Amino acid sequence: MITVIANLKGGSGKSTIAFNLGIWLLTKGETVIAYDLDPQKTLTDVSLVRKDEGVNPELQVKDINGSSVADELRSNFCHVLVDVGAANMDAMKEAISVADRIIIPVPPSQPDVWATQRFLMIIHSVCGERIPDLITFINRADTHRAIRESDEAEEALKMLDKVDILPGRLCQRTSYRRSLSEGLSVFELAGKSKSAEEFNLFADTLYPGLTN
């Protein structure tokens with residue numbers, strides 16, 4: 001399955017999601033290849049930190065140079081995760097064209113909702129009638145109940161056509177930043193934390209057949 005994690009707006013947490021999903025799948029005994037098509041190369045950097053620290057399992061992260069993105073992605077027979085954004089629009093469109101599903105993380109702000117609407121238009125223009133599964137969710141959600149932006153952003157997402165909204169949210173927590181700096185997934189760093197609980201529920205929802 002080719003899963004593309006993407007959005008138009010930077011800072012949505014794509015690389016964090018891709019890395020943690022990759023490690024989660026590996027811990028389930030699955031074969032995973034991740035592609036870092038974002039010029040910032042955050043996914044590549046964190047995987048190198050993990051390798052340097054000798055943490056297992058190792059996440060294989062590849063780039064694509066001098067060949068068709070679509071052909072390269074289709075050549076794999078395992079879980080494929082693709083981290084790509086608008087900074088590499090050509091690669092993003094090619095990845096979208098062969099994706100089985102697209103995961104769209106959306107931080108709780110009106111500009112991020114607007115960017116998601118425009119991203120959906122790009123997906124439809126690239127894919128035509130063959131629309132992959134479109135999955136979105138609130139990422140970096142507020143943790144204080146009195147702050148309403150996350151609820152408002154989620155209500156706005158529910159108005160979008162042919163998009164599945166995940167019921168769980170991933171909150172803005174320092175453990176995500178800390179875990180990346182150490183080359184660890186959030187559930188490896190703090191297995192009983194709220195962030196680990198949130199992410200495990202998120203991954204279980206995306207891959208229900210792998211739930212233990």
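The values are calculated or read from the model by the stated rules, or taken from the named source; none is laboratory data. Quick caveat, the model's predicted, so the values are computed rather than measured. Ideal geometry is used to build each Cβ from the backbone, glycine not excepted, and the neighbour counts take in all protein chains shown.
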Among the residues of segment 139-153, which ones are surrounded by 14 or more Cβ atoms within 10 Å (Cβ to Cβ), of a type in the set (A, V, I, L, M) and either free of Cβ contacts under 8 Å to residues at least 40 places away in the same chain or in contact with a Lys or Arg (Cβ under 8 Å, 6 or more places away or on another chain) (or both)?
A141
Scanning segment 50-89 residue by residue, those aliphatic (A, V, I, L, M) and more than 19 Å from the chain's Cα centre (by Cα) turn out to be V55
Need pairs with beta-carbon distance below 8 Å; first residue closer than 20 Å to N20 by Cβ and of a type in the set (K, R) and within segment 62-89, second at pLDDT 95 or above and in a strand (DSSP E or B); sequence gap 6+ or separate chains.
K62/I33; K62/A34; K62/Y35; K62/D36
Among the numbered conditions (1) within 29 Å of D90 (Cα to Cα); (2) surrounded by fewer than 17 Cβ atoms within 10 Å (Cβ to Cβ), tell me where F119 comes up short.
(2)
Please count how many residues of segment 4-14 are surrounded by fewer than 23 Cβ atoms within 10 Å (Cβ to Cβ) and either of a type in the set (A, V, I, L, M, F, W, C) or under 11 Å from L81 (Cβ atoms) (or both).
1
Collect the residues in segment 163-186 that are of a type in the set (D, E) and either outside any strand (DSSP E or B) or within 14 Å of the chain's Cα centre (by Cα) (or both), keeping them in residue-number order.
E182
With the first residue restricted to segment 159-181 and required to be within 12 Å of A141 (Cβ to Cβ), and the second required to be exposed (fewer than 14 other Cβ atoms within 10 Å of the Cβ) and of a type in the set (V, I, T), Cβ contacts under 9 Å at 6 or more apart or on different chains are C171/T143; Q172/T143; R173/T143
Within segment 36-74, track down each residue that is among the polar types (S, T, N, Q), modelled with pLDDT of 95 or more and out of contact with any strand residue (DSSP E or B) (no Cβ under 8 Å at 6 or more places or on another chain).
N56
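Let's see how each residue does on (1) over 16 Å from V4 (Cα atoms); (2) surrounded by fewer than 16 Cβ atoms within 10 Å (Cβ to Cβ):
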position: I17; (1), (2): no, no
position: L26; (1), (2): yes, no
position: P57; (1), (2): yes, yes
position: D63; (1), (2): no, yes
position: D71; (1), (2): no, yes
position: M89; (1), (2): no, yes
position: A95; (1), (2): no, no
Residue by residue through segment 192-212, note down the ones that are surrounded by 15 or more Cβ atoms within 10 Å (Cβ to Cβ), without any contact (Cβ under 8 Å) to a residue 12 or more places away in the chain and part of a loop (DSSP other than H, G, I, E, B).
none
Kindly list the number of the only condition in (1) over 30 Å from I147 (Cα atoms); (2) over 15 Å from the mean Cα position of the chain (by Cα) that fails for I96.
(2)
